[in-house]
Amino acid sequence: MRVTMIGAGYVGLVSGACFADFGHQVVCVDKDAAKVAALNRGEIPIFEPGLAELVDANVRQGRLEFAAASDRIGEAEAVFIAVGTPSRRGDGHADLTYVYDAVREIAPQLSPAAVVVTKSTVPVGTGDEIERILRAARPDAEIQVVSNPEFLREGAAIQDFKHPDRIVVGTDDARARAVLAAIYRPLYLNAPPIIYVNRRTAELIKYAANAFLATKITFINEIADLCEQVGADIQDVARGMGLDNRIGGKFLHAGPGFGGSCFPKDTSALLKTAHDHGVALRIVESVAAVNEQRKRAMARKVVAALDGSVRGKTIAVLGLTFKPNTDDTRESPAIPLITALQDLGATVRGYDPAGMEQAKPQLPAVVYCNSAYSAVEGADAVVIATEWEQFRALDLARLKRVMARPVIVDLRNIYGADEMKRANFRYVAVGRPASIEAVPGPRSQNERSSA
Ligand SMILES: NC(=O)c1ccc[n+]([C@@H]2O[C@H](COP(=O)([O-])OP(=O)(O)OC[C@H]3O[C@@H](n4cnc5c(N)ncnc54)[C@H](O)[C@@H]3O)[C@@H](O)[C@H]2O)c1
(Lines give C-alpha, C1' and ligand atoms only; values in the text may rest on other atoms or scores of the structure.)
Protein backbone atom coordinates (compact mmCIF):
# COMPACT_ATOMS: atom_id res chain seq x y z
CA MET A 1 0.00 0.00 0.00
CA ARG A 2 1.11 3.55 -0.62
CA VAL A 3 0.56 5.66 2.47
CA THR A 4 1.14 9.36 3.12
CA MET A 5 1.38 10.65 6.68
CA ILE A 6 0.69 14.36 7.16
CA GLY A 7 2.63 15.45 10.26
CA ALA A 8 5.86 13.83 11.43
CA GLY A 9 5.55 14.44 15.18
CA TYR A 10 5.30 11.78 17.90
CA VAL A 11 2.30 10.08 16.30
CA GLY A 12 3.03 10.70 12.61
CA LEU A 13 6.67 9.67 12.76
CA VAL A 14 6.07 6.55 14.84
CA SER A 15 3.02 5.51 12.77
CA GLY A 16 4.82 6.22 9.49
CA ALA A 17 7.92 4.25 10.52
CA CYS A 18 5.80 1.31 11.75
CA PHE A 19 3.66 1.23 8.59
CA ALA A 20 6.89 1.20 6.54
CA ASP A 21 8.16 -1.62 8.73
CA PHE A 22 4.95 -3.56 7.93
CA GLY A 23 6.05 -3.33 4.27
CA HIS A 24 4.02 -0.33 3.07
CA GLN A 25 5.51 2.49 1.02
CA VAL A 26 5.34 5.58 3.25
CA VAL A 27 6.02 9.29 2.76
CA CYS A 28 5.90 11.44 5.92
CA VAL A 29 5.13 15.06 5.07
CA ASP A 30 5.76 17.81 7.61
CA LYS A 31 5.49 21.54 7.03
CA ASP A 32 8.38 22.10 9.45
CA ALA A 33 11.20 22.15 6.89
CA ALA A 34 13.91 22.03 9.58
CA LYS A 35 12.38 18.84 11.03
CA VAL A 36 12.27 17.26 7.57
CA ALA A 37 15.87 18.28 6.85
CA ALA A 38 16.96 16.72 10.17
CA LEU A 39 15.07 13.51 9.38
CA ASN A 40 16.69 13.38 5.96
CA ARG A 41 20.10 13.69 7.66
CA GLY A 42 19.19 10.69 9.80
CA GLU A 43 18.51 12.77 12.95
CA ILE A 44 15.40 11.93 14.96
CA PRO A 45 13.84 15.11 16.38
CA ILE A 46 12.19 13.36 19.36
CA PHE A 47 13.39 11.00 22.06
CA GLU A 48 11.58 7.69 21.66
CA PRO A 49 13.28 4.36 22.44
CA GLY A 50 13.95 2.27 19.29
CA LEU A 51 12.67 4.91 16.86
CA ALA A 52 16.04 5.90 15.39
CA GLU A 53 16.83 2.28 14.46
CA LEU A 54 13.37 1.70 13.00
CA VAL A 55 13.51 4.86 10.87
CA ASP A 56 17.03 4.14 9.72
CA ALA A 57 16.25 0.56 8.67
CA ASN A 58 13.16 1.54 6.70
CA VAL A 59 14.80 4.53 5.01
CA ARG A 60 17.67 2.28 3.92
CA GLN A 61 15.26 -0.27 2.52
CA GLY A 62 13.54 2.45 0.52
CA ARG A 63 10.14 2.22 2.16
CA LEU A 64 10.21 5.46 4.18
CA GLU A 65 10.77 9.02 2.95
CA PHE A 66 10.38 12.50 4.40
CA ALA A 67 9.27 15.62 2.57
CA ALA A 68 8.34 19.20 3.49
CA ALA A 69 5.71 19.15 0.78
CA SER A 70 4.82 16.26 -1.41
CA ASP A 71 3.78 16.27 -5.02
CA ARG A 72 3.15 12.52 -4.68
CA ILE A 73 0.07 12.63 -2.42
CA GLY A 74 -1.90 11.72 -5.55
CA GLU A 75 -0.26 8.27 -5.55
CA ALA A 76 -1.36 7.43 -2.01
CA GLU A 77 -4.24 5.04 -1.38
CA ALA A 78 -4.47 6.31 2.19
CA VAL A 79 -3.53 9.74 3.55
CA PHE A 80 -3.30 9.93 7.34
CA ILE A 81 -3.67 13.23 9.18
CA ALA A 82 -1.44 13.23 12.27
CA VAL A 83 -1.04 16.94 13.00
CA GLY A 84 -1.41 18.50 16.45
CA THR A 85 -4.77 19.35 18.04
CA PRO A 86 -3.72 21.49 21.02
CA SER A 87 -6.10 23.29 23.36
CA ARG A 88 -7.43 26.44 21.78
CA ARG A 89 -6.28 29.52 23.65
CA GLY A 90 -9.04 31.05 25.74
CA ASP A 91 -11.74 28.39 25.70
CA GLY A 92 -10.10 24.94 25.96
CA HIS A 93 -11.77 23.55 22.82
CA ALA A 94 -9.52 21.46 20.55
CA ASP A 95 -7.81 23.81 18.10
CA LEU A 96 -8.55 22.22 14.73
CA THR A 97 -6.71 24.81 12.64
CA TYR A 98 -3.86 22.43 11.82
CA VAL A 99 -6.24 19.64 10.84
CA TYR A 100 -8.38 21.77 8.53
CA ASP A 101 -5.34 23.52 7.03
CA ALA A 102 -3.80 20.11 6.27
CA VAL A 103 -7.06 18.92 4.67
CA ARG A 104 -7.23 22.02 2.46
CA GLU A 105 -3.59 21.56 1.47
CA ILE A 106 -3.95 17.93 0.42
CA ALA A 107 -7.40 18.27 -1.20
CA PRO A 108 -6.27 19.31 -4.69
CA GLN A 109 -3.72 16.50 -4.89
CA LEU A 110 -5.71 13.53 -3.59
CA SER A 111 -6.43 10.64 -5.90
CA PRO A 112 -10.20 10.47 -6.61
CA ALA A 113 -10.45 7.19 -4.65
CA ALA A 114 -8.20 8.13 -1.74
CA VAL A 115 -9.09 7.33 1.84
CA VAL A 116 -8.33 10.20 4.24
CA VAL A 117 -7.75 8.90 7.77
CA THR A 118 -7.75 11.07 10.88
CA LYS A 119 -5.19 9.84 13.39
CA SER A 120 -5.11 13.12 15.26
CA THR A 121 -7.40 13.18 18.29
CA VAL A 122 -10.37 15.24 17.10
CA PRO A 123 -13.77 16.03 18.64
CA VAL A 124 -16.92 14.26 17.55
CA GLY A 125 -18.09 15.60 14.22
CA THR A 126 -14.67 16.71 12.92
CA GLY A 127 -14.76 13.93 10.32
CA ASP A 128 -18.04 15.38 9.01
CA GLU A 129 -16.42 18.80 8.57
CA ILE A 130 -13.37 17.25 6.85
CA GLU A 131 -15.73 15.47 4.48
CA ARG A 132 -17.54 18.75 3.78
CA ILE A 133 -14.25 20.52 2.96
CA LEU A 134 -13.15 17.70 0.66
CA ARG A 135 -16.48 17.46 -1.15
CA ALA A 136 -16.44 21.20 -1.79
CA ALA A 137 -12.84 21.14 -3.02
CA ARG A 138 -13.15 17.91 -5.00
CA PRO A 139 -16.67 17.42 -6.35
CA ASP A 140 -15.13 15.00 -8.89
CA ALA A 141 -13.89 12.52 -6.27
CA GLU A 142 -15.21 9.63 -4.14
CA ILE A 143 -12.88 10.36 -1.25
CA GLN A 144 -13.77 8.62 2.04
CA VAL A 145 -12.99 10.07 5.47
CA VAL A 146 -12.21 7.58 8.26
CA SER A 147 -11.45 8.07 11.95
CA ASN A 148 -8.63 5.86 13.21
CA PRO A 149 -7.63 7.29 16.61
CA GLU A 150 -4.20 6.46 17.97
CA PHE A 151 -3.63 5.05 21.46
CA LEU A 152 0.18 4.82 21.58
CA ARG A 153 2.00 6.10 24.66
CA GLU A 154 5.14 8.17 24.39
CA GLY A 155 8.08 6.20 25.74
CA ALA A 156 6.58 2.89 24.58
CA ALA A 157 5.25 4.11 21.26
CA ILE A 158 6.64 1.45 18.93
CA GLN A 159 5.64 -1.43 21.18
CA ASP A 160 2.17 0.09 21.53
CA PHE A 161 1.80 0.65 17.80
CA LYS A 162 2.90 -2.85 16.90
CA HIS A 163 1.03 -4.61 19.73
CA PRO A 164 -2.10 -2.53 20.20
CA ASP A 165 -4.88 -3.62 22.55
CA ARG A 166 -7.29 -2.67 19.77
CA ILE A 167 -7.50 -0.82 16.49
CA VAL A 168 -10.52 1.43 16.10
CA VAL A 169 -11.74 2.11 12.57
CA GLY A 170 -14.60 4.57 12.23
CA THR A 171 -16.42 4.45 8.89
CA ASP A 172 -19.55 2.90 7.42
CA ASP A 173 -17.97 2.55 3.97
CA ALA A 174 -16.99 -0.98 2.95
CA ARG A 175 -14.21 0.12 0.58
CA ALA A 176 -12.61 2.32 3.25
CA ARG A 177 -12.81 -0.54 5.78
CA ALA A 178 -11.03 -2.81 3.29
CA VAL A 179 -8.21 -0.25 2.83
CA LEU A 180 -7.71 0.08 6.61
CA ALA A 181 -7.87 -3.71 6.99
CA ALA A 182 -5.12 -4.08 4.36
CA ILE A 183 -2.94 -1.46 6.06
CA TYR A 184 -3.19 -3.17 9.46
CA ARG A 185 -3.13 -6.75 8.09
CA PRO A 186 0.49 -7.39 9.23
CA LEU A 187 -0.76 -7.00 12.82
CA TYR A 188 -3.30 -9.79 12.51
CA LEU A 189 -0.66 -12.30 13.56
CA ASN A 190 -0.74 -10.69 16.99
CA ALA A 191 -4.54 -10.85 16.75
CA PRO A 192 -5.43 -7.41 18.07
CA PRO A 193 -9.15 -6.82 17.76
CA ILE A 194 -10.15 -4.38 15.04
CA ILE A 195 -13.31 -2.60 16.02
CA TYR A 196 -15.35 -1.24 13.12
CA VAL A 197 -17.71 1.50 14.25
CA ASN A 198 -19.22 4.61 12.78
CA ARG A 199 -17.00 7.68 12.51
CA ARG A 200 -18.50 9.65 15.38
CA THR A 201 -18.24 6.65 17.67
CA ALA A 202 -14.55 6.22 16.81
CA GLU A 203 -13.90 9.89 17.55
CA LEU A 204 -15.62 9.60 20.92
CA ILE A 205 -13.90 6.32 21.91
CA LYS A 206 -10.56 8.14 22.00
CA TYR A 207 -11.79 10.92 24.28
CA ALA A 208 -13.77 8.57 26.52
CA ALA A 209 -10.69 6.33 26.93
CA ASN A 210 -8.39 9.23 27.85
CA ALA A 211 -10.92 10.78 30.22
CA PHE A 212 -11.37 7.42 31.95
CA LEU A 213 -7.62 6.95 32.41
CA ALA A 214 -7.32 10.51 33.72
CA THR A 215 -10.13 9.72 36.15
CA LYS A 216 -8.36 6.61 37.40
CA ILE A 217 -5.20 8.60 38.11
CA THR A 218 -7.10 11.38 39.85
CA PHE A 219 -9.09 8.90 41.91
CA ILE A 220 -5.98 7.21 43.26
CA ASN A 221 -4.36 10.60 43.92
CA GLU A 222 -7.27 11.63 46.12
CA ILE A 223 -7.20 8.29 47.93
CA ALA A 224 -3.47 8.93 48.46
CA ASP A 225 -4.31 12.22 50.17
CA LEU A 226 -6.65 10.32 52.47
CA CYS A 227 -3.95 7.71 53.16
CA GLU A 228 -1.68 10.47 54.42
CA GLN A 229 -4.30 11.58 56.94
CA VAL A 230 -5.26 8.13 58.23
CA GLY A 231 -1.89 6.37 58.25
CA ALA A 232 -2.58 3.97 55.34
CA ASP A 233 -0.17 3.17 52.49
CA ILE A 234 -1.41 4.01 48.98
CA GLN A 235 0.90 1.44 47.35
CA ASP A 236 -0.82 -1.33 49.28
CA VAL A 237 -4.28 0.16 48.77
CA ALA A 238 -3.67 0.37 44.99
CA ARG A 239 -2.37 -3.20 44.90
CA GLY A 240 -5.30 -4.44 46.92
CA MET A 241 -7.66 -2.70 44.51
CA GLY A 242 -5.81 -3.44 41.29
CA LEU A 243 -5.65 -7.21 41.78
CA ASP A 244 -9.40 -7.15 41.25
CA ASN A 245 -9.75 -7.89 37.53
CA ARG A 246 -12.71 -5.56 37.28
CA ILE A 247 -10.41 -2.68 38.30
CA GLY A 248 -6.93 -3.61 37.07
CA GLY A 249 -3.65 -2.31 38.46
CA LYS A 250 -2.68 0.08 35.66
CA PHE A 251 -3.01 3.83 36.15
CA LEU A 252 -3.32 3.39 39.90
CA HIS A 253 0.01 5.02 40.74
CA ALA A 254 -0.37 8.01 42.99
CA GLY A 255 1.76 11.00 42.10
CA PRO A 256 1.85 14.70 41.35
CA GLY A 257 -1.08 14.66 38.88
CA PHE A 258 -1.34 13.76 35.22
CA GLY A 259 0.28 15.84 32.52
CA GLY A 260 1.55 15.32 28.99
CA SER A 261 0.40 16.29 25.56
CA CYS A 262 -2.90 14.37 25.70
CA PHE A 263 -4.81 13.95 28.98
CA PRO A 264 -5.10 17.64 29.97
CA LYS A 265 -6.10 18.89 26.52
CA ASP A 266 -8.32 15.90 25.76
CA THR A 267 -10.30 16.11 29.02
CA SER A 268 -10.75 19.83 28.38
CA ALA A 269 -11.90 19.27 24.78
CA LEU A 270 -14.31 16.51 25.85
CA LEU A 271 -15.88 18.85 28.39
CA LYS A 272 -16.34 21.53 25.73
CA THR A 273 -17.99 19.03 23.38
CA ALA A 274 -20.31 17.91 26.19
CA HIS A 275 -21.21 21.51 27.10
CA ASP A 276 -21.94 22.30 23.45
CA HIS A 277 -24.40 19.41 23.44
CA GLY A 278 -25.99 20.32 26.76
CA VAL A 279 -24.53 17.35 28.63
CA ALA A 280 -22.84 17.74 32.01
CA LEU A 281 -19.85 15.42 32.46
CA ARG A 282 -19.46 16.18 36.16
CA ILE A 283 -16.94 13.44 36.87
CA VAL A 284 -14.62 14.65 34.11
CA GLU A 285 -15.12 18.25 35.25
CA SER A 286 -13.97 17.33 38.75
CA VAL A 287 -11.03 15.35 37.40
CA ALA A 288 -9.77 18.33 35.40
CA ALA A 289 -10.19 20.75 38.33
CA VAL A 290 -8.65 18.45 40.97
CA ASN A 291 -5.67 17.65 38.76
CA GLU A 292 -4.99 21.28 37.94
CA GLN A 293 -4.82 22.23 41.62
CA ARG A 294 -2.74 19.23 42.52
CA LYS A 295 0.32 20.00 40.41
CA ARG A 296 1.13 23.30 42.09
CA ALA A 297 0.03 21.98 45.48
CA MET A 298 2.95 19.52 45.37
CA ALA A 299 5.15 22.49 46.29
CA ARG A 300 3.50 22.41 49.73
CA LYS A 301 5.00 18.98 50.33
CA VAL A 302 8.44 20.45 49.73
CA VAL A 303 7.71 23.37 52.02
CA ALA A 304 6.53 21.01 54.76
CA ALA A 305 9.61 18.82 54.35
CA LEU A 306 11.76 21.89 54.93
CA ASP A 307 9.97 22.91 58.14
CA GLY A 308 7.67 25.50 56.61
CA SER A 309 9.73 27.59 54.21
CA VAL A 310 11.77 27.24 51.04
CA ARG A 311 12.73 30.92 50.86
CA GLY A 312 16.44 31.26 50.19
CA LYS A 313 16.80 27.49 49.93
CA THR A 314 18.01 25.42 47.01
CA ILE A 315 15.81 22.62 45.69
CA ALA A 316 17.04 20.02 43.21
CA VAL A 317 14.30 18.71 40.93
CA LEU A 318 15.05 15.41 39.19
CA GLY A 319 12.89 14.85 36.12
CA LEU A 320 11.22 17.57 34.06
CA THR A 321 9.30 15.50 31.51
CA PHE A 322 5.73 14.40 32.22
CA LYS A 323 6.86 10.78 32.36
CA PRO A 324 10.07 8.80 31.74
CA ASN A 325 11.44 7.81 28.32
CA THR A 326 10.26 10.90 26.51
CA ASP A 327 11.61 14.40 26.01
CA ASP A 328 8.08 15.82 26.11
CA THR A 329 7.53 18.45 28.82
CA ARG A 330 4.08 19.52 27.61
CA GLU A 331 1.87 20.02 30.72
CA SER A 332 4.47 18.26 32.86
CA PRO A 333 3.59 18.44 36.58
CA ALA A 334 7.23 19.43 37.18
CA ILE A 335 6.57 22.83 35.61
CA PRO A 336 3.92 24.24 37.98
CA LEU A 337 5.77 22.60 40.86
CA ILE A 338 8.97 24.43 39.95
CA THR A 339 7.30 27.78 39.31
CA ALA A 340 5.51 27.47 42.66
CA LEU A 341 8.83 26.79 44.42
CA GLN A 342 10.42 29.76 42.66
CA ASP A 343 7.44 31.97 43.60
CA LEU A 344 8.04 30.93 47.22
CA GLY A 345 11.64 32.14 47.01
CA ALA A 346 13.56 28.94 46.26
CA THR A 347 16.40 28.48 43.80
CA VAL A 348 15.74 25.41 41.65
CA ARG A 349 18.45 23.24 40.14
CA GLY A 350 17.11 20.80 37.57
CA TYR A 351 18.18 17.71 35.69
CA ASP A 352 16.39 15.52 33.19
CA PRO A 353 17.96 12.83 30.99
CA ALA A 354 16.09 13.98 27.84
CA GLY A 355 13.80 16.95 28.44
CA MET A 356 16.04 19.90 29.40
CA GLU A 357 16.01 21.64 26.02
CA GLN A 358 12.21 21.46 25.90
CA ALA A 359 11.93 22.74 29.48
CA LYS A 360 14.19 25.78 29.06
CA PRO A 361 11.67 28.13 27.38
CA GLN A 362 9.05 27.31 30.04
CA LEU A 363 11.47 27.38 32.99
CA PRO A 364 14.17 29.94 32.15
CA ALA A 365 15.24 30.55 35.78
CA VAL A 366 16.15 26.94 36.57
CA VAL A 367 19.85 26.14 36.97
CA TYR A 368 20.22 23.25 34.52
CA CYS A 369 22.75 20.58 35.51
CA ASN A 370 24.31 17.73 33.58
CA SER A 371 23.58 14.89 36.01
CA ALA A 372 21.43 14.03 39.00
CA TYR A 373 24.49 14.26 41.27
CA SER A 374 25.49 17.70 40.06
CA ALA A 375 21.88 18.90 40.49
CA VAL A 376 21.78 17.89 44.15
CA GLU A 377 25.03 19.65 45.04
CA GLY A 378 24.35 22.05 47.88
CA ALA A 379 20.59 21.35 47.76
CA ASP A 380 18.40 21.60 50.86
CA ALA A 381 16.05 19.03 49.35
CA VAL A 382 15.79 16.86 46.29
CA VAL A 383 12.41 16.33 44.62
CA ILE A 384 11.89 13.31 42.36
CA ALA A 385 9.34 14.58 39.84
CA THR A 386 9.69 11.92 37.10
CA GLU A 387 10.47 8.24 37.64
CA TRP A 388 13.34 7.83 35.15
CA GLU A 389 15.14 4.50 35.68
CA GLN A 390 18.37 6.26 36.58
CA PHE A 391 16.70 7.93 39.60
CA ARG A 392 15.56 4.61 41.06
CA ALA A 393 18.88 3.61 42.56
CA LEU A 394 20.58 6.85 43.55
CA ASP A 395 23.67 6.46 45.72
CA LEU A 396 22.21 7.79 48.97
CA ALA A 397 25.59 8.09 50.68
CA ARG A 398 26.88 10.20 47.81
CA LEU A 399 23.73 12.32 47.87
CA LYS A 400 24.17 12.90 51.56
CA ARG A 401 27.78 13.96 51.10
CA VAL A 402 26.98 16.66 48.55
CA MET A 403 23.58 17.92 49.74
CA ALA A 404 23.23 20.68 52.32
CA ARG A 405 20.50 18.66 54.11
CA PRO A 406 19.39 15.06 53.63
CA VAL A 407 15.81 15.62 52.51
CA ILE A 408 14.02 13.72 49.70
CA VAL A 409 10.52 14.47 48.43
CA ASP A 410 9.59 11.48 46.31
CA LEU A 411 6.56 12.41 44.20
CA ARG A 412 6.69 9.07 42.33
CA ASN A 413 6.97 6.72 45.31
CA ILE A 414 10.06 4.98 43.97
CA TYR A 415 11.80 4.62 47.34
CA GLY A 416 10.68 3.21 50.67
CA ALA A 417 10.50 5.02 54.01
CA ASP A 418 12.48 2.24 55.72
CA GLU A 419 15.53 2.50 53.48
CA MET A 420 15.43 6.29 53.83
CA LYS A 421 15.26 5.99 57.59
CA ARG A 422 18.27 3.66 57.56
CA ALA A 423 20.16 6.18 55.43
CA ASN A 424 19.12 9.00 57.80
CA PHE A 425 17.16 10.92 55.20
CA ARG A 426 14.04 12.88 55.89
CA TYR A 427 11.69 11.32 53.34
CA VAL A 428 8.30 12.47 52.15
CA ALA A 429 6.33 10.50 49.56
CA VAL A 430 2.76 10.53 48.20
CA GLY A 431 0.12 8.70 50.22
CA ARG A 432 2.67 6.72 52.20
CA PRO A 433 4.25 6.89 55.62
CA ALA A 434 6.94 9.52 55.72
CA SER A 435 10.22 9.29 57.55
CA ILE A 436 10.39 12.68 59.16
CA GLU A 437 13.38 12.40 61.41
CA ALA A 438 14.63 15.71 62.66
CA VAL A 439 17.00 17.05 60.09
CA PRO A 440 20.17 18.87 61.03
CA GLY A 441 20.55 22.47 59.91
CA PRO A 442 22.30 23.13 56.63
CA ARG A 443 25.92 22.17 56.36
CA SER A 444 28.35 24.66 54.93
CA GLN A 445 30.26 24.07 51.71
CA ASN A 446 33.41 23.35 53.82
CA GLU A 447 31.64 20.75 55.94
CA ARG A 448 30.31 19.05 52.82
CA SER A 449 33.62 18.88 51.04
CA SER A 450 35.42 17.54 54.14
CA ALA A 451 32.74 14.82 54.67
N1 LIG B 1 1.77 12.33 21.52
C2 LIG B 1 1.03 11.29 21.88
O3 LIG B 1 1.40 10.49 22.74
C4 LIG B 1 -0.29 11.03 21.20
C5 LIG B 1 -0.93 9.79 21.39
C6 LIG B 1 -2.15 9.57 20.75
C7 LIG B 1 -2.74 10.56 19.98
N8 LIG B 1 -2.11 11.77 19.84
C9 LIG B 1 -2.74 12.78 19.00
O10 LIG B 1 -2.07 12.80 17.74
C11 LIG B 1 -2.02 14.13 17.21
C12 LIG B 1 -0.58 14.53 16.93
O13 LIG B 1 0.10 14.59 18.18
P14 LIG B 1 1.70 14.67 18.25
O15 LIG B 1 2.06 14.56 19.69
O16 LIG B 1 2.28 13.74 17.25
O17 LIG B 1 1.91 16.18 17.75
P18 LIG B 1 3.30 16.90 17.39
O19 LIG B 1 3.10 18.32 17.73
O20 LIG B 1 4.44 16.13 17.95
O21 LIG B 1 3.39 16.75 15.78
C22 LIG B 1 2.53 17.36 14.89
C23 LIG B 1 3.33 17.61 13.61
O24 LIG B 1 2.44 18.04 12.58
C25 LIG B 1 3.12 18.99 11.78
N26 LIG B 1 2.13 19.74 11.01
C27 LIG B 1 1.21 20.64 11.46
N28 LIG B 1 0.48 21.10 10.41
C29 LIG B 1 0.92 20.47 9.29
C30 LIG B 1 0.55 20.50 7.92
N31 LIG B 1 -0.45 21.28 7.50
N32 LIG B 1 1.24 19.73 7.04
C33 LIG B 1 2.24 18.94 7.48
N34 LIG B 1 2.63 18.87 8.76
C35 LIG B 1 1.97 19.61 9.66
C36 LIG B 1 3.91 19.80 12.78
O37 LIG B 1 4.97 20.51 12.16
C38 LIG B 1 4.39 18.71 13.74
O39 LIG B 1 5.65 18.20 13.34
C40 LIG B 1 -2.74 14.99 18.25
O41 LIG B 1 -4.09 15.13 17.88
C42 LIG B 1 -2.63 14.19 19.53
O43 LIG B 1 -3.67 14.48 20.43
C44 LIG B 1 -0.90 12.02 20.42
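The values are calculated or read from the model by the stated rules, or taken from the named source; none is laboratory data. Remember, predicted model here, so these are calculated numbers, not experimental data. No Cβ is skipped: glycine too gets one built from the backbone with ideal geometry, and neighbour counts run over all protein chains shown. Heavy atoms of the whole protein, side chains included, go into the accessibility calculation; ligands, DNA and RNA do not. Shrake-Rupley method; radii C 1.70, N 1.55, O 1.52, S 1.80 Å.
Considering the conditions (1) on the phi > 0 side of the Ramachandran plot; (2) over 25 Å from the mean Cα position of the chain (by Cα); (3) modelled with pLDDT under 95, Ser70 is excluded by exactly one of them, (1).
Per the conditions (1) at positive phi; (2) more than 9 Å from the ligand (Cβ to nearest atom); (3) crowded, with 20+ Cβ neighbours inside 10 Å, the sole criterion not satisfied by Gly7 is (2).
Gln159 passes every criterion in (1) open to solvent by 40 Å² or more (accessible area, probe 1.4 Å); (2) over 30 Å from Ile283 (Cα atoms); (3) not in a helix (DSSP H, G or I) apart from (3).
Do we find a residue being within 23 Å of Arg2 (Cα to Cα) and hydroxyl-bearing (Ser, Thr, Tyr) anywhere in the stretch 198-206? Within the stretch 198-206, not a single residue is within 23 Å of Arg2 (Cα to Cα) and hydroxyl-bearing (Ser, Thr, Tyr). Got at least one residue in the stretch 66-78 being more than 12 Å from the ligand (Cβ to nearest atom) and open to solvent by less than 20 Å² (accessible area, probe 1.4 Å)? Among the residues of the stretch 66-78, at least one is more than 12 Å from the ligand (Cβ to nearest atom) and open to solvent by less than 20 Å² (accessible area, probe 1.4 Å), which makes the answer yes.
Open to solvent by less than 20 Å² (accessible area, probe 1.4 Å) and more than 19 Å from Val383 (Cβ to Cβ): is that true of Thr267 in this structure? Spelling it out, Thr267 is indeed open to solvent by less than 20 Å² (accessible area, probe 1.4 Å) and more than 19 Å from Val383 (Cβ to Cβ). If we scan the stretch 22-40, do we find a residue that is under 25 Å from Thr329 (Cα atoms), in contact (Cβ under 8 Å) with a residue 40 or more places away in the chain and more than 9 Å from the ligand (Cβ to nearest atom)? Scanning the stretch 22-40 turns up no residue that is under 25 Å from Thr329 (Cα atoms), in contact (Cβ under 8 Å) with a residue 40 or more places away in the chain and more than 9 Å from the ligand (Cβ to nearest atom). Checking the stretch 109-126 against the condition returns a match, with at least one residue being closer than 24 Å to Ala274 by Cα, out of contact with any Leu (no Cβ under 9 Å at 6 or more places or on another chain), open to solvent by 10 Å² or more (accessible area, probe 1.4 Å) and modelled with pLDDT of 95 or more.
Restricting Glu447, Glu389 to residues that are modelled with pLDDT of 95 or more and surrounded by fewer than 17 Cβ atoms within 10 Å (Cβ to Cβ) narrows the list to Glu389. Ala38 meets all of the listed conditions (1) of a type outside the set (Ser, Thr, Tyr); (2) within 19 Å of Ile130 (Cα to Cα); (3) surrounded by fewer than 16 Cβ atoms within 10 Å (Cβ to Cβ) but one, namely (2).
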